[in-house]
Structure formats: C-alpha cells, structure tokens
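Let me begin by presenting the structure, written as structure tokens, before commenting on it.
The values are calculated or read from the model by the stated rules, or taken from the named source; none is laboratory data. Since we're looking at a predicted model, the values are computed, not measured. No Cβ is skipped: glycine too gets one built from the backbone with ideal geometry, and neighbour counts run over all protein chains shown.
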C-alpha cells in the first residue's frame, strides 16, 4: 500500500479513495499511464537523506513544547516520504478483508482479496492472486496477467515527450505532498501522553487535536481540522510506528460531493524492514460515506502486508514470463 501515504495523509487519502468508490489498491488500469521510473530495468531506489534530529530534551516536568513536537512531526513526515520512495523497491503480498455493513452496523457480506505487488520498471503494479483465500481460476489469472502485460508494453513504448511530461507531473505531485505533510505540523496542537512499546520497540505516544484559529495555506489542508488522532513515534528511528485517526465531523470532497461521516476511523501500524525502511504491517478501518445523493458506503475491514522482498537494481522485466530475482 503506500499510495502516497505520509503521516495523517495516509488515512485521509484512503478514506477519500473509498468515498469515490475505489479500493486504495486498485488493479492495474490498462488505459492509465503508469507512474513509473523512466529507465528500463532501473530501480527506484534513492539515497536516504537523514533528517536532522530535533532537540527533544524534555522540560523539568518531562514535557515537550509545541515547537519541539512540531519539529518532530516535520522530521517524521520527511522520513515517511522517504519510506514512500523506498517502498517502490519492494514487492510484497497484500491481503484485504472488507465487510459490508447495513444501517445498523451489522455485517451483510465479506470480500477477501489477496494481491501480489510487483515491481515493473520501477512502478508498483498490483496483481490479484486470490479471492476469499482461494487462488484464481485459470481464466481470471490469465486476465490479471494480461492487464500487467499491457502495463509492461505501454511502459516499454513510452515516447521521450510522454516520459518528460510524466516526470514533470510526478515532481509537482511530490512537492505538493511535501508541503502538505509539513502543514500537518501546523494544523494541530500536540500533547505527549507517555510511551508504549509497539512491536517490541519503545515509542512516544502523542495526541493531536485541531489547533484553534488554524488557517490552511493549501486548499487540500482545509479539512484537517475535522480530524484528530493519536500517533506512536519510534524513539530511536523517529519513524511513524502507528497512528489512529478519526473524523470529528462530516468531511466533503469534490464537485460531485463525496461525504465522509463523523466517526470514520483509520488505524495503521508499520514495521521496520531490512533495517532501512518502515513499511505498512496492518491497516484497520471503519468507514461511513456517501457519494452524491445515491451511493453510500458503510464498511469496516483490514489490510495486512507480508513477504516484503527487495529487488536488485540490475533486474529487468521484458514480459510477465521474465521474473526478477529477489535479493
């Protein structure tokens, strides 16, 4: 998963993607232009630029000031964006359990889908491999392979002009994301409430409540005051270990109004992989939303991630029958 998911933006974007009727991990769209690395066979790996560790010396009462916590969140946000880049060097298995609920919150039906996330020309492409924990039949498996092959073919035949436009668009999106996650630090009042262990590691526990009088600098940040939450930040690595985000009020998006209702909740837990990157381990959500006047969503579920494997920088895919060697 990491669909550009730094800090609280992860939860917000996942919620929004459900509100418009799509899973956050959608199968490859044969008509879409893949957001991938331009060089054939190249890895998307980037050198980490260690963020300067902020001054986290507590006051005589063991507390951190608002300025200290804001600086901490900016560092964590930068690290999380770096994680997002590094995740593109990995393949993994993602399993999603989605429960469809009725108006009383009782379960009506359950869908279980398992995906293999592949690295193809630097892009992470999702391939469905099982439904309800049963492997796909031959026909459905062939369709999935065909979808991925079309991504490969399109990527191989990309013109220089298309590549340049795509890179410029991606650069702008990265800069906008950087500005957004830094604005999160300004949108909330933070309170250090203690320490807990997450996956055997010591973490700070910090609550975030909307800051009175906050004025967003970006239009995308205008809905931040309608969320609050708690985060667990690993004390050694200054990485986001866990977060729990909930809506305080209805949140509306877009021209064809999509509304996320009060009480929607999103919990994400991350884990350290290969001593170099923090990646998702589990996501739980409870989601209530409506698109326009007709389509409503009342869901809960979980997503789990396993079998992270890093690929060699020299790996190359020409077709689905050529498989990269995991490191």
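A few notes on this one:
- Filtering region 69-105 to residues that are more than 20 Å from residue 120 (Cα to Cα), in contact with a strand residue (DSSP E or B) (Cβ under 8 Å, 6 or more places away or on another chain) and assigned to a helix (DSSP H, G or I) leaves 69, 70, 72, 73, 76, 79, 80.
- Qualifying residues in region 213-228 (those that are touching a residue at least 12 places away in the same chain (Cβ under 8 Å) and over 17 Å from residue 182 (Cβ atoms)) - the one surrounded by the most Cβ atoms within 10 Å (Cβ to Cβ): 228
- Within region 88-112, the residues that satisfy the criterion of being within 20 Å of residue 284 (Cβ to Cβ) and within 18 Å of the chain's Cα centre (by Cα) are 92, 93, 94, 95, 96, 97, 98.
- Restricting attention to region 173-204, the residues that are closer than 22 Å to residue 253 by Cβ and at pLDDT below 85 add up to 12.
- Candidate set: region 115-124, residues that are surrounded by 20 or more Cβ atoms within 10 Å (Cβ to Cβ) and part of a strand (DSSP E or B); chosen: the one modelled with the highest pLDDT: 115
- Any chance residue 207 is surrounded by fewer than 16 Cβ atoms within 10 Å (Cβ to Cβ), modelled with pLDDT of 90 or more and in contact with a helix residue (DSSP H, G or I) (Cβ under 9 Å, 6 or more places away or on another chain): no
- Residue match in region 215-227 (condition: modelled with pLDDT of 90 or more and part of a strand (DSSP E or B)): yes
- Applying the condition of being free of Cβ contacts under 8 Å to residues at least 40 places away in the same chain and assigned to a strand (DSSP E or B) to region 273-287 and asking which residue is farthest from residue 87 (Cα to Cα) yields 286.
- Tally of residues being out of contact with any helix residue (DSSP H, G or I) (no Cβ under 9 Å at 6 or more places or on another chain), assigned to a strand (DSSP E or B) and loosely packed, with under 15 Cβ neighbours inside 10 Å across region 125-163: 1
- Single unsatisfied condition, residue 231 versus (1) closer than 22 Å to residue 52 by Cα; (2) surrounded by 15 or more Cβ atoms within 10 Å (Cβ to Cβ); (3) in contact with a strand residue (DSSP E or B) (Cβ under 6 Å, 6 or more places away or on another chain); (4) free of Cβ contacts under 8 Å to residues at least 60 places away in the same chain: (4)
- Among the residues making up region 257-272, those that are over 15 Å from the mean Cα position of the chain (by Cα), surrounded by 19 or more Cβ atoms within 10 Å (Cβ to Cβ) and either at pLDDT 90 or above or in a strand (DSSP E or B) (or both) are 258, 260.
- Boolean, residue 64 is more than 23 Å from the chain's Cα centre (by Cα), buried (at least 18 other Cβ atoms within 10 Å of the Cβ) and in contact (Cβ under 8 Å) with a residue 24 or more places away in the chain: yes
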